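The structure appears right after this line, and notes come after that.
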Amino acid sequence: MVPVERIGRIKTMAQPLSPDAVRIVDFPETGVAIMAHRGDPAMIGQTIRRFIAWRKANHLPPSRNATFNILHADPAKTPPAEFRLDLCVATEQDLGDPEAGVEMGVLPAGRCAVLRHVGSDGGLAAAFAHLYGTWLPASGEAVGQAPLFLRRVRFFPDVPEHEAVVDIFLPLA
């Protein structure tokens, strides 16, 4: 029998990734409204709160408008002052709002490797390591010009953190 205090830990442990966990898709060009986070990764929570408030004010709920993150830098390898991450919501409306720090952009169309991660963001590093360190060298594919991006399929507070679902998109050449 598993001790009660270990049950939560077991639920959040990353599942081993199988060789066929990565699939190739043709990602469609997707218009997005972007709120950029620049600077210390420890301060992302503040940017996320502003982004959520802006989305609510503009009637862009996650249930109707996909949520994306564009990863421009690895926080473990980037000085905090140079860190960059974009919070995005899919929309075709022109909702650029310089005062709110929102600009319009596009996630470009193209072939992408996709790896689904289920669990907290704490497990994303292992998923990235699998994608870049295991799958990519064995695949014969090459990394494209666009940065890695995530689609937040299900996330807190709509689901418990350990049930979050994130699709990781690696653009291919």
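General observations
For every residue, the table says whether it meets (1) over 20 Å from residue 65 (Cβ atoms); (2) of a type outside the set (Val, Ile, Thr).
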site	(1), (2)
114	no, no
118	yes, no
148	yes, yes
173	yes, yes
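- Extreme residue, surrounded by the fewest Cβ atoms within 10 Å (Cβ to Cβ), among residues of the stretch 133-173 that are in a helix (DSSP H, G or I), of a type outside the set (Val, Ile, Thr) and touching a residue at least 24 places away in the same chain (Cβ under 8 Å): 138
- The number of residues in the stretch 60-80 being within 17 Å of residue 104 (Cα to Cα) and at pLDDT below 90 comes to 0.
- Residue satisfying condition, being acidic (Asp, Glu) and farther than 16 Å from residue 30 by Cβ, within set 97, 86: 97
- Qualifying positions in the stretch 96-116 - of a type outside the set (Val, Ile, Thr), at pLDDT 95 or above and in a strand (DSSP E or B): 103, 104, 105, 107, 110, 111, 112, 113, 115, 116
- Pick from the stretch 52-85, criterion farther than 21 Å from residue 158 by Cβ and touching a Phe, Trp or Tyr at 6+ places or on another chain (Cβ under 7 Å), ranking: surrounded by the most Cβ atoms within 10 Å (Cβ to Cβ): 70
- Condition check for residue 128 on (1) surrounded by 14 or more Cβ atoms within 10 Å (Cβ to Cβ); (2) over 23 Å from residue 165 (Cβ atoms): one failure, at (2).
- Among the residues of the stretch 23-42, the ones that are part of a strand (DSSP E or B) and either out of contact with any helix residue (DSSP H, G or I) (no Cβ under 6 Å at 6 or more places or on another chain) or surrounded by fewer than 16 Cβ atoms within 10 Å (Cβ to Cβ) (or both) come to 12 in all.
- Hits in the stretch 70-95 (condition: in contact with a strand residue (DSSP E or B) (Cβ under 8 Å, 6 or more places away or on another chain), not charged (D, E, K, R) and not in a loop (DSSP other than H, G, I, E, B)): 70, 71, 85, 87, 88, 89, 90
The values are calculated or read from the model by the stated rules, or taken from the named source; none is laboratory data. This one's a predicted model, so the numbers in the text were calculated from it and none came from an experiment. Please note: Cβ atoms are built from the backbone with ideal geometry, for glycine as well, and neighbour counts cover all protein chains shown.
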